[in-house]
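Notes follow the structure.
The values are calculated or read from the model by the stated rules, or taken from the named source; none is laboratory data. Small disclaimer: the values here were computed from a predicted structure and weren't measured. Methodologically, a virtual Cβ is constructed for each residue, glycine included, from the backbone with ideal geometry; neighbour enumeration extends over all protein chains shown.
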Amino acid sequence: MILKTKLELPPLDRPRLEIERIARDISCDFIMLNTFSFQAPGFYKKHGYQLMTTLENAPTGHRHYYFKKDLT
C-alpha cells in the first residue's frame, strides 16, 4: 500500500495561534515567553505580546527579551 500526501508548510502564525488556542482552552490567564534579539522579538510585538523585561549582553552582544500576552 502506498500513501500519497501533499506536503504543505503551515503559515508562520499557525503554531502561535494554536498555542494561544490551547492556552485559552485550559483556562490560562496569559502566555509568557522569551526570545533573543537575533530571533523574533518584532514578531511577538506585532502579535500583541508586551515586552516585560530585557537582559543586555545575554548572550554577549545580544539581548534576551521576555514577553507576556494576556488571554483574558
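Let's see how each residue does on (1) surrounded by 10 or more Cβ atoms within 10 Å (Cβ to Cβ); (2) of a type outside the set (Asp, Glu); (3) at pLDDT 95 or above; (4) part of a loop (DSSP other than H, G, I, E, B):
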| residue | (1), (2), (3), (4) |
| --- | --- |
| 4 | no, yes, no, yes |
| 14 | yes, yes, no, no |
| 23 | yes, yes, no, no |
| 31 | yes, yes, no, no |
| 51 | yes, yes, yes, no |
| 54 | yes, yes, yes, no |
| 64 | yes, yes, yes, no |
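Against the list (1) free of Cβ contacts under 8 Å to residues at least 24 places away in the same chain; (2) surrounded by 12 or more Cβ atoms within 10 Å (Cβ to Cβ); (3) among the β-branched types (Val, Ile, Thr), the condition residue 60 fails is (2). Residues in the stretch 26-51 that are touching a Lys or Arg at 6+ places or on another chain (Cβ under 9 Å) and within 13 Å of residue 69 (Cβ to Cβ): 30, 31, 32, 33, 43, 44, 47, 48, 49, 50, 51.
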